[in-house]
1. When only residues in the range 53-69 that are farther than 10 Å from residue 122 by Cβ, in a loop (DSSP other than H, G, I, E, B) and of a type in the set (A, V, I, L, M, F, W, C) count, which is nearest to the chain's Cα centre (by Cα)?
2. For residue 188, are the conditions met, namely being more than 8 Å from ligand 2 (Cβ to nearest atom) and touching a strand residue (DSSP E or B) at 6+ places or on another chain (Cβ under 6 Å)?
3. When the residues of the range 179-229 are filtered to those that are without any contact (Cβ under 8 Å) to a residue 60 or more places away in the chain and among the basic types (Lys, Arg), which remaining residue is surrounded by the fewest Cβ atoms within 10 Å (Cβ to Cβ)?
4. When you scan the range 159-207, how many residues do you find that are closer than 24 Å to residue 61 by Cα and among the β-branched types (Val, Ile, Thr)?
5. Considering only the range 124-160, how many residues are β-branched (Val, Ile, Thr) and over 14 Å from residue 223 (Cα atoms)?
6. I need every pair where a residue in the range 62-76 that is within 10 Å of residue 173 (Cβ to Cβ) and of a type in the set (S, T, N, Q) has its Cβ under 6 Å from the Cβ of a residue that is more than 11 Å from ligand 2 (Cβ to nearest atom) and assigned to a loop (DSSP other than H, G, I, E, B), sequence separation at least 6 or different chains.
7. Please determine, by comparing only the residues of the range 102-116 that are surrounded by fewer than 12 Cβ atoms within 10 Å (Cβ to Cβ) and not small (Gly, Ala, Ser), which one is modelled with the highest pLDDT.
8. Looking only at the range 171-187, count every residue that is more than 9 Å from ligand 1 (Cβ to nearest atom) and of a type outside the set (A, V, I, L, M) and tell me the total.
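The values are calculated or read from the model by the stated rules, or taken from the named source; none is laboratory data. Quantities reported herein were computed from a predicted structural model and do not represent experimental measurements. Here the Cβ positions follow ideal geometry from the backbone for every residue, glycine too, while neighbour counts run over all protein chains shown.
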Amino acid sequence: MGIQLIKKHLYSLGLFFFSLLLIATELSAATGSKDKKAEESSDGSRYILNCSECHGFDGNSISSEWPNIAGLNKNYMIRQLEDFKEGKRANKEMTQIVKEFPSDKELTSLAKYFSKQKVINPNTPETIKQYSLVDLTLGEEIFTGKRIEYGIPACSACHGKEGLGDKEGKFPRLVGQHIAYTIKQMKLFRSKERSNDTPAQMRNIALKMDDEDIESVAAYIAYMNIEKD
Ligand code: HEC
Ligand code: HEC
């Protein structure tokens, strides 16, 4: 074998190994991007059944026992889920679910999924009529800040004129929620059983409100038109 031939062989051997290396990198890049794609396409749908029995498949719950979570701000929901998990917000059902949930990443994906669903106002004049203390004029006055001399600031100041909440998810949307849930939360803030509203913004307001105030403003909110959404 002449020197030239050995050189040629070595050259093709080099090429061979070089192409092996190329294939290997390409392969690893391909699997890498596959993983990334799987991650990106994780829209929480795998675990919707963990939530849908109470909150419905599209986040519109079947019963006023459970809140509508459709179209709620993603950041707000993630914070609530964390609070349930860390025991900062107490609720037997939710605490058990988030504690046993397989992964935080999937929980975040679910929050994202539900935030993209369209909320349907579940309230009807019949459901609202179940509350005997409702005075809609009073409800409007409270919502728009005309009861400030009683220490009740305008709900609209934080939750927005139309009760749609803010973009960052600090102040949740109030419209499109079951009236029963709104009343329940106001009473939980008043009794401090719900205390994850740091720094006590809702607890301080609810303390100034009697049952008539709470039912009235909840009814006013329940009648607000979510179609402006
Ligand atoms: C067994 C019924 C049940 C199941 C299943 C359930 N939830 Fe809930 N969820 C509730 C109840 C009840 C509340 C209201 C707690 C309260 O009154 O403070 C709630 C509240 C919430 C809230 C807070 C809403 C708000 O406006 O502050 C979010 C977000 C939420 N659930 C998300 C989920 C997700 C995501 C799942 C699935 C992983 C899920 N829930 C499964 C019963 C359930
Ligand atoms: C100074 C700001 C501020 C004002 C004014 C305010 N809120 Fe809130 N509200 C908040 C914040 C912040 C939260 C979210 C707390 C949390 O992160 O858990 C909240 C949460 C709520 C919730 C719970 C929503 C849910 O999905 O669980 C209800 C109901 C509510 N507010 C009703 C009202 C009503 C009714 C008024 C007027 C009487 C009002 N708020 C005025 C700041 C405010």
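1. For the range 53-69, the residue satisfying everything is 69.
2. On the way: more than 8 Å from ligand 2 (Cβ to nearest atom): yes; touching a strand residue (DSSP E or B) at 6+ places or on another chain (Cβ under 6 Å): yes.
The answer is yes for residue 188.
3. Here the answer is 192.
4. 4
5. The total comes to 4.
6. Qualifying pairs under 6 Å: 68/60; 68/61; 68/119.
7. The first filter runs over the range 102-116 and keeps only residues surrounded by fewer than 12 Cβ atoms within 10 Å (Cβ to Cβ), leaving 102-103, 105.
Narrowing further to those that are not small (Gly, Ala, Ser): 102, 105.
Details: 102: 88, 105: 93.
Ranking the qualifying residues of the range 102-116, first place goes to 105.
8. Residues flagged as more than 9 Å from ligand 1 (Cβ to nearest atom) and of a type outside the set (A, V, I, L, M) within the range 171-187 amount to 5.
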